[in-house]
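What follows is a set of notes on a single structure, which appears directly below.
The values are calculated or read from the model by the stated rules, or taken from the named source; none is laboratory data. Everything numeric here is computed off the predicted structure, so don't read it as measured data. In this analysis, Cβ positions are derived from the backbone assuming ideal geometry, glycine residues included, and neighbour counts consider all displayed protein chains. When the accessible area is computed, the model is the full protein with side chains, heavy atoms only, and any ligands, DNA or RNA have been set aside. Shrake-Rupley method; radii C 1.70, N 1.55, O 1.52, S 1.80 Å.
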Amino acid sequence: QVQLVESGGGLVQAGGSLRLSCAASGLTFRSCSMAWFRQAPGKERDVVAQISSSGGATFYAGYAKGRFTISRDNAKNTVYLQMNSLIPEDTAVYFCAARTGDWGIPDYWGQGTQVTVSS
């Protein structure tokens with residue numbers, strides 16, 4: 001059974017940092033492109049960052065550039081999202097997603113972890 005389990009969310013003040021983790025099981029992690037999405041109440045889910053299976057290529061949403069860093073440890077089957085300089089607009093549920101091979105529509109989703117940034 002494929003599982004993506006996020007952790008690391010919580011409440012943080014503006015300007016603070018959080019590191020989200022996504023532990024994957026039941027799939028060949030090293031062959032999968034990984035991504036982080038987020039969804040705020042009443043809004044559509046959008047991609048925050050993506051990383052290739054090797055970790056050699058990354059993509060960031062405009063609001064994430066310079067503040068967020070996506071990384072992966074294939075030996076630990078884990079992908080991370082380091083979030084610095086957080087602002088209240090970052091408040092959302094953050095989801096981990098996986099796709100076999102090149103990036104496209106995700107094959108698998110995690111349950112999400114809540115990030116709340118207070119002013």
Could you tell me whether Gly66 is open to solvent by 20 Å² or more (accessible area, probe 1.4 Å), farther than 15 Å from Gly10 by Cβ and modelled with pLDDT under 95? no
Mind listing just one residue for me: the one in the range 32-42 that is at pLDDT 95 or above and either farther than 24 Å from Asn77 by Cα or polar (S, T, N, Q) (or both) and, of those, surrounded by the most Cβ atoms within 10 Å (Cβ to Cβ)? Ser33
Those residues that are within 15 Å of Glu89 (Cα to Cα), in contact with an Asp or Glu (Cβ under 9 Å, 6 or more places away or on another chain) and open to solvent by less than 70 Å² (accessible area, probe 1.4 Å), I need them from the range 49-63; list them, please. Ala61
Within the range 1-31, how many residues are under 16 Å from Phe95 (Cα atoms), of a type in the set (A, V, I, L, M, F, W, C) and outside any loop (DSSP other than H, G, I, E, B)? 7
When you check Ala98 against the structure, is it in contact with a Leu (Cβ under 8 Å, 6 or more places away or on another chain), open to solvent by less than 40 Å² (accessible area, probe 1.4 Å) and at pLDDT 95 or above, yes or no? yes
Is it true that some residue in the range 70-92 is modelled with pLDDT under 95, exposed (fewer than 12 other Cβ atoms within 10 Å of the Cβ) and either touching a helix residue (DSSP H, G or I) at 6+ places or on another chain (Cβ under 8 Å) or of a type in the set (D, E, K, R) (or both)? no
May I ask you to verify whether Val93 is out of contact with any Phe, Trp or Tyr (no Cβ under 6 Å at 6 or more places or on another chain), farther than 13 Å from Gly112 by Cα and of a type in the set (Val, Ile, Thr)? no
